[in-house]
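Novice: Please find one structure pasted underneath; my questions will follow.
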Protein chains: 2
Amino acid sequence: MNINIDQANRTAVERMMAARPVLKDIRPAREVIPGMHDKLLLHAGPPIAWDKASGPLRGAVIGALIFEGLATDEATAEALITSGEVQLEPCHEHDAVGPMAGIISPSMMVYVVQNVTHGNVAYSNLNEGYGKVLRYGAYSPDVLAKLRWMNDVMGPMLAEALAMMPDDLDIRALLAEALHMGDEGHNRNKAGSILYTAKLAPLLVQASGSMADKSAVLKFLGENALSVLNPVMAGCKAMAHAGHGVEGSTIMTIMARNGTELGIKVSGLGGRWFTGPVGQPDGLYFPGFTAEDANGDIGDSTITETAGIGAFAMASAPAIVTFISGTPELAINTTLSMYEITTAEHTAFTIPALGFRGTPVGVDIRKVVELGVRPQINTGIAHKNAGVGQVGAGLVLPPMNVFEDALVAWAEMYL
Amino acid sequence: MNINIDQANRTAVERMMAARPVLKDIRPAREVIPGMHDKLLLHAGPPIAWDKASGPLRGAVIGALIFEGLATDEATAEALITSGEVQLEPCHEHDAVGPMAGIISPSMMVYVVQNVTHGNVAYSNLNEGYGKVLRYGAYSPDVLAKLRWMNDVMGPMLAEALAMMPDDLDIRALLAEALHMGDEGHNRNKAGSILYTAKLAPLLVQASGSMADKSAVLKFLGENALSVLNPVMAGCKAMAHAGHGVEGSTIMTIMARNGTELGIKVSGLGGRWFTGPVGQPDGLYFPGFTAEDANGDIGDSTITETAGIGAFAMASAPAIVTFISGTPELAINTTLSMYEITTAEHTAFTIPALGFRGTPVGVDIRKVVELGVRPQINTGIAHKNAGVGQVGAGLVLPPMNVFEDALVAWAEMYL
């Protein structure tokens with residue numbers, strides 16, 4: 001076959017950069033996510049068998065089944081999964097993404113983000129904030145009570161506010177602005193989250209609901225420095241997916257972890273996952289926790305790096321090193337080294353500290369294998385046991401074999 | 001006299017850094033500003049005679065007199081001033097600061113900021129946003145209508161929200177956070193303004209007033225990237241003033257411009273102004289305007305540089321160069337050169353891009369004169385004619401003679 005790989009990759013990355021994701025709605029997952037049904041839970045990363053699932057993923061599954069009223073405790077939850085009565089499938093197989101365990105259950109309110117350039121849609125759940133939260137595997141009554149409040153009070157109010165917006169809320173424009181305000185869009189979303197809050201506030205005030213509820217929603221959104229992470233992830237999914245399916249392209253369009261394995265998909269290689277064991281993040285721990293407590297790398301949030309932000313835009317976010325470890329020089333150097341394995345400089349996302357250079361975007365698996373330089377990931381760190389929660393944040397790398405395996409598969413398909 | 005200048009300067013700058021300004025209230029100027037009365041207008045910079053006043057200062061005085069109901073047009077306004085019926089005095093002589101023309105009239109709502117470490121209080125007016133606004137010398141009916149809305153609707157609502165805050169709104173903490181989010185606190189206050197909006201939003205919702213008014217206030221605050229400039233300026237005034245009055249100290253505690261002259265005061269030199277002609281800013285102009293339209297440097301907002309932020313913290317704000325001209329390297333180098341003429345590295349304000357080094361704080365007039373390095377100023381640019389408004393933003397320097405004159409005065413007093 002006569003394939004011009006460079007041309008295919010340019011096409012893929014140009015589609016990624018041309019994609020303009022806008023936040024359209026917030027709706028129950030079962031009403032909008034393709035293939036969602038009442039006995040299905042979506043999870044982060046590539047497919048996984050229950051007996052291989054790590055603590056935080058198990059904890060989040062248990063919590064979601066209790067949240068849905070399908071189980072009452074750990075034992076009844078586990079029975080639903082092992083009997084096959086409730087199925088587990090990757091978010092990514094349903095155009096969705098979820099941070100950390102990434103569990104999306106049928107009743108959960110999800111962000112609906114459309115790439116208005118190419119029409120594809122992506123979904124993500126609502127962000128719960130830091131600490132003891134479902135996505136890190138915690139499922140105590142207070143965790144579930146907060147989820148119910150988010151679903152019953154905050155979600156519908158946000159949806160009503162969004163519907164009142166005169167213009168669509170443009171996730172790409174918001175991210176571009178946040179990158180000029182010290183965010184990298186993955187582990188640092190301080191600026192994006194308050195930009196999001198400030199945009200919604202004048203409309204939230206006019207939504208239905210009590211003053212007390214409106215005040216509580218504005219407080220929750222404004223004080224949670226990750227409020228915007230989930231719509232940003234859905235935006236990145238919508239952008240990355242626009243580059244998928246280009247014949248011959250060696251551009252990575254998915255990178256995701258389920259806590260046990262990391263999987264990637266490649267633009268020219270269809271629906272096939274290439275998987276390998278997750279790395280162990282190296283970072284800073286919350287008081288009372290150490291590296292001994294850490295689970296392996298987990299979550300779909302690496303869709304940010306896949307779309308050219310997150311660790312790839314770390315030069316924009318020197319203050320992030322207080323959270324994930326390292327120095328401001330590391331932040332700059334991380335971005336610089338990502339130019340070596342990518343295909344383009346982003347036309348929408350620029351880095352002031354690098355003279356407004358575009359962020360590195362479109363990981364070419366050929367370059368990763370050839371140079372031995374892997375895509376850098378910024379990540380939160382979950383406790384390895386179900387029921388605990390977040391214990392820190394840090395840096396991690398994907399396993400090299402996923403890029404090698406994908407390149408072999410590419411050769412088998414195209415040469 | 002046996003003066004240890006270095007020790008005196010350390011004392012002055014340590015007092016500046018120990019000062020913790022918090023936003024206490026928003027009240028009509030006549031009720032709170034010391035010495036304010038019904039026939040007094042405060043203005044930016046050192047004292048000025050009416051026949052020396054530049055266009056934007058004149059325009060703002062005319063507008064304020066119409067706003068107060070004391071005049072009906074330019075002629076009646078001017079008569080009030082030239083007859084001496086209404087007096088003009090510097091904001092700084094009343095513990096106040098105002099951006100650009102800096103006019104504060106008796107009815108205007110002002111921020112009340114207290115340095116809770118040392119007890120002193122500082123004041124500033126409410127920010128009107130960009131473009132055609134009183135502080136740039138515009139006074140058309142729409143300008144005055146907006147001022148009335150700010151005074152009658154927004155001010156009281158903000159005051160009510162502030163009073164509901166469980167803790168004082170700490171301006172120093174807010175600024176410290178904003179400096180990690182790409183602000184420098186003078187010409188770039190994007191992050192600070194939405195931090196301010198997001199903090200107030202949950203309380204504003206519960207204030208009295210209609211939904212429509214609350215929504216309008218939240219929209220105005222959130223969309224005005226200078227919303228927080230005025231409380232920040234009052235905070236800087238409260239900090240800088242804490243370093244004033246230390247015997248023998250050569251630290252600058254005021255730098256301010258009235259559009260014709262720039263004046264400084266020095267910690268060990270009492271109430272005396274040292275003045276010289278203002279510089280002409282060099283910067284970027286809004287569409288339709290050029291350097292030909294620019295007024296000389298104007299405003300009390302250089303209290304930010306005096307307190308160790310603004311241009312002194314420009315390394316925190318590389319994206320600012322799209323607004324004021326220059327390159328990200330210029331931003332870094334500006335901060336680095338300010339270390340040469342200052343006394344300390346700020347313990348509360350740090351710069352991630354410089355490895356979290358504290359901002360340069362406490363300009364020592366000895367070093368300015370010895371090295372020939374003047375304090376850098378970031379500034380907005382006003383049209384030279386009354387009634388027009390802002391035409392751009394840029395960089396400017398104070399005249400060297402003010403430092404030389406102050407140093408001579410110091411020698412006369414202490415040697």
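The values are calculated or read from the model by the stated rules, or taken from the named source; none is laboratory data. Computed from a predicted structure; not experimentally measured. Virtual Cβ from ideal backbone geometry, glycine too; neighbours counted across all protein chains shown.
Novice: If we scan the range A:221-236, do we find a residue that is without any contact (Cβ under 8 Å) to a residue 40 or more places away in the chain, assigned to a helix (DSSP H, G or I) and over 27 Å from residue A:302 (Cβ atoms)?
Specialist: Checked the range A:221-236: no residue is without any contact (Cβ under 8 Å) to a residue 40 or more places away in the chain, assigned to a helix (DSSP H, G or I) and over 27 Å from residue A:302 (Cβ atoms).
Novice: Among strands (runs of 3 or more DSSP E) lying entirely in the range A:44-156, which contain 3 or more residues that are crowded, with 23+ Cβ neighbours inside 10 Å?
Specialist: Once the strands (runs of 3 or more DSSP E) in the range A:44-156 are filtered for at least 3 residues that are crowded, with 23+ Cβ neighbours inside 10 Å, what remains is A:109-115, A:121-125.
Novice: Looking at (1) in contact with a Pro (Cβ under 9 Å, 6 or more places away or on another chain); (2) within 14 Å of chain A (Cβ to nearest Cβ), can you tell me which one residue B:211 breaks?
Specialist: So the condition that residue B:211 fails would be (1).
Novice: Here's another thing I want to ask about it. Of all residues in the range A:287-317, count the ones that are of a type outside the set (D, E, K, R), part of a helix (DSSP H, G or I) and away from chain B (no Cβ under 14 Å). Steps first, answer last, please.
Specialist: Here is the first cut: in the range A:287-317, the residues of a type outside the set (D, E, K, R) are A:287-291, A:294-296, A:298-299, A:301-304, A:306-317.
Add one more test, that the residue is part of a helix (DSSP H, G or I), and what stays is A:291, A:303-304, A:306, A:310-316.
Narrowing further to those that are away from chain B (no Cβ under 14 Å): A:291, A:303-304, A:306, A:310-312.
Residues flagged as of a type outside the set (D, E, K, R), part of a helix (DSSP H, G or I) and away from chain B (no Cβ under 14 Å) within the range A:287-317 amount to 7.
Novice: With respect to residue A:216, determine if the residue is facing another protein chain (nearest Cβ under 9 Å), crowded, with 24+ Cβ neighbours inside 10 Å and at pLDDT 95 or above.
Specialist: For residue A:216, the condition - facing another protein chain (nearest Cβ under 9 Å), crowded, with 24+ Cβ neighbours inside 10 Å and at pLDDT 95 or above - is not met.
Novice: Kindly indicate which of A:68, A:85, A:78, A:128 is of a type in the set (D, E, K, R) and under 20 Å from residue A:303 (Cα atoms). Give the derivation first.
Specialist: Working: A:68 fails: under 20 Å from residue A:303 (Cα atoms); A:85 fails: under 20 Å from residue A:303 (Cα atoms); A:78 fails: under 20 Å from residue A:303 (Cα atoms).
After ruling out the rest, the residue left standing is A:128.
Novice: Return a yes/no flag: does the range B:337-351 have any residue that is under 15 Å from residue B:283 (Cβ atoms) and of a type outside the set (Phe, Trp, Tyr). Walk me through how you get there before you give the answer.
Specialist: So in the range B:337-351, the residues under 15 Å from residue B:283 (Cβ atoms) come out as none.
Checked against the condition, which is being under 15 Å from residue B:283 (Cβ atoms) and of a type outside the set (Phe, Trp, Tyr), the range B:337-351 yields no hits at all.
Novice: Got at least one residue in the range A:152-173 being over 30 Å from residue A:346 (Cα atoms) and without any contact (Cβ under 8 Å) to a residue 24 or more places away in the chain?
Specialist: Scanning the range A:152-173, I find at least one residue that is over 30 Å from residue A:346 (Cα atoms) and without any contact (Cβ under 8 Å) to a residue 24 or more places away in the chain, so the answer is yes.
Novice: Let me ask something additional. Checking the structure you have, find out if any residue of the range A:176-185 is part of a helix (DSSP H, G or I), closer than 27 Å to residue A:43 by Cβ and of a type outside the set (S, T, N, Q).
Specialist: no
Novice: Another question, if that's okay. If we keep just the residues of the range A:175-189 that are in contact with a strand residue (DSSP E or B) (Cβ under 9 Å, 6 or more places away or on another chain) and buried (at least 22 other Cβ atoms within 10 Å of the Cβ), which is nearest to the other protein chains (Cβ to nearest Cβ)?
Specialist: Step by step, filter the range A:175-189, then rank; the result is A:180.
Novice: If the Cβ limit is 7 Å and pairs must be 6+ apart or interchain, which residue in the range A:26-44 that is in the same structural domain as residue A:108 (by TED's automatic domain parsing) and within 30 Å of residue A:296 (Cβ to Cβ) pairs with which residue that is among the aromatic types (Phe, Trp, Tyr) and in a strand (DSSP E or B)?
Specialist: Pairs found: A:33/A:123.
Novice: When the residues of the range B:27-43 are narrowed to those that are crowded, with 24+ Cβ neighbours inside 10 Å and either in contact with a Leu (Cβ under 6 Å, 6 or more places away or on another chain) or not aliphatic (A, V, I, L, M) (or both), which ends up farthest from residue B:242 (Cα to Cα)?
Specialist: Once the filter is applied, the top-ranked residue is B:41.
Novice: Next up: Can you name every one of the helices (runs of 4 or more DSSP H) wholly within the range A:318-415 that holds 2 or more residues which are of a type in the set (Val, Ile, Thr), touching a helix residue (DSSP H, G or I) at 6+ places or on another chain (Cβ under 6 Å) and more than 14 Å from chain B (Cβ to nearest Cβ)?
Specialist: A:365-371
Novice: Restrict the check to the range A:190-206 and report whether at least one residue is modelled with pLDDT of 95 or more, more than 8 Å from chain B (Cβ to nearest Cβ), in contact with an Asp or Glu (Cβ under 8 Å, 6 or more places away or on another chain) and surrounded by fewer than 24 Cβ atoms within 10 Å (Cβ to Cβ).
Specialist: Looking for residues that are modelled with pLDDT of 95 or more, more than 8 Å from chain B (Cβ to nearest Cβ), in contact with an Asp or Glu (Cβ under 8 Å, 6 or more places away or on another chain) and surrounded by fewer than 24 Cβ atoms within 10 Å (Cβ to Cβ), one finds none in the range A:190-206, hence no.
Novice: Just to be sure, is residue B:151 more than 24 Å from residue B:208 (Cβ to Cβ), touching a helix residue (DSSP H, G or I) at 6+ places or on another chain (Cβ under 9 Å) and of a type in the set (S, T, N, Q)?
Specialist: no
Novice: So residue A:209 passes all but one of these: (1) without any contact (Cβ under 8 Å) to a residue 60 or more places away in the chain; (2) in a loop (DSSP other than H, G, I, E, B); (3) more than 19 Å from residue B:214 (Cα to Cα). Which condition number does it fail?
Specialist: (3)
Novice: Among (1) over 23 Å from residue B:181 (Cβ atoms); (2) away from chain B (no Cβ under 14 Å); (3) not basic (Lys, Arg), which single condition is residue A:170 missing?
Specialist: Looking at each condition in turn, residue A:170 falls short on (1).
Novice: Now a separate question. Pick out the one residue from B:56, B:99 that is in contact with an Asp or Glu (Cβ under 7 Å, 6 or more places away or on another chain), within 29 Å of residue B:292 (Cβ to Cβ) and not assigned by TED's automatic domain parsing to the domain that holds residue B:255.
Specialist: Among B:56, B:99, only B:99 is in contact with an Asp or Glu (Cβ under 7 Å, 6 or more places away or on another chain), within 29 Å of residue B:292 (Cβ to Cβ) and not assigned by TED's automatic domain parsing to the domain that holds residue B:255.
Novice: Does residue B:340 satisfy being among the charged types (D, E, K, R), buried (at least 19 other Cβ atoms within 10 Å of the Cβ) and touching a residue at least 12 places away in the same chain (Cβ under 8 Å)?
Specialist: In short, no.
Novice: Can we say residue A:401 is over 18 Å from the mean Cα position of the chain (by Cα), closer than 28 Å to residue A:52 by Cα and not assigned by TED's automatic domain parsing to the domain that holds residue A:184?
Specialist: For residue A:401, the condition - over 18 Å from the mean Cα position of the chain (by Cα), closer than 28 Å to residue A:52 by Cα and not assigned by TED's automatic domain parsing to the domain that holds residue A:184 - is met.
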